[in-house]
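Notes follow the structure.
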Amino acid sequence: MIARLVIVAAIVAVAVVAGRWWQSRQGRVRAVDPTRSDRTTDDEPAVVSGVVSATLVSTPTCRTCPQVRRALDEVAARADDFSWDEVDATTDLDMVRLHDVRRAPTVLFRDARGDVIARAAGAMGAHQVAEAVGIDATVLAA
């Protein structure tokens, strides 16, 4: 009986650790290797500059895409030189392959030339988008 309780407790502990790790990776902006738009430079959060637009890669069944849309809208309303668009991953497979998009939502941050300089996968809030764009997140609505 005690052995079973220990096994259950170990499984719960592993699940909690895995869940926290997964949650910590949601919406984390990472720089993109300029020579290959499909690979990030490392697993550390990026400090990028020069972001002027973003592309949200979504699917019709994406549950967290509305949250990311609201975050992008909020930042675009506060940043004069930032805009965003949305691409449906189910209809634009060439773009999905080119940028190695593996999940929705994925946000591709672009510079003035249109090159992808950073990306984030998973749910992200307005503060994370503002940080990527380089605006002060304190101006965002609570």
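The values are calculated or read from the model by the stated rules, or taken from the named source; none is laboratory data. From a predicted model like this one, the values you see are computed outputs, not experimental measurements. Glycine gets a Cβ as well: all are built from the backbone with ideal geometry, and neighbour counts include every protein chain shown. The accessibility values were calculated without ligands, DNA or RNA, using every heavy atom of the protein model including side chains. Shrake-Rupley method; radii C 1.70, N 1.55, O 1.52, S 1.80 Å.
Worth pointing out:
- Only listed residue being of a type in the set (A, V, I, L, M, F, W, C), under 30 Å from ARG20 (Cβ atoms) and in contact with a Cys (Cβ under 9 Å, 6 or more places away or on another chain), chosen from ALA132, ALA121, ALA89, ALA137: ALA89
- Scan of the stretch 60-100 for residues that are surrounded by 16 or more Cβ atoms within 10 Å (Cβ to Cβ) and basic (Lys, Arg), ordered by number: ARG69, ARG78
- Within the stretch 69-105, being in contact with a helix residue (DSSP H, G or I) (Cβ under 8 Å, 6 or more places away or on another chain) and touching a residue at least 40 places away in the same chain (Cβ under 8 Å) holds for ARG70, ALA71, LEU72, GLU74, VAL75, ARG78, ALA79, PHE82, VAL101, ALA104, PRO105.
- Residue in the stretch 80-112 that is nearest to the chain's Cα centre (by Cα), counting only those that are in a loop (DSSP other than H, G, I, E, B) and more than 23 Å from ALA130 (Cα to Cα): ARG102
- Residues being farther than 24 Å from SER24 by Cα and either touching a helix residue (DSSP H, G or I) at 6+ places or on another chain (Cβ under 6 Å) or open to solvent by 40 Å² or more (accessible area, probe 1.4 Å) (or both) - total across the stretch 106-138: 3
- Among (1) closer than 18 Å to TRP22 by Cβ; (2) open to solvent by less than 40 Å² (accessible area, probe 1.4 Å); (3) out of contact with any Lys or Arg (no Cβ under 9 Å at 6 or more places or on another chain), the one test that ARG103 misses: (2)
- Of the candidates ALA31, ALA120, ALA76, ALA71, the single residue that is in a strand (DSSP E or B) and either modelled with pLDDT of 90 or more or not hydrophobic (A, V, I, L, M, F, W, C) (or both) is ALA120.
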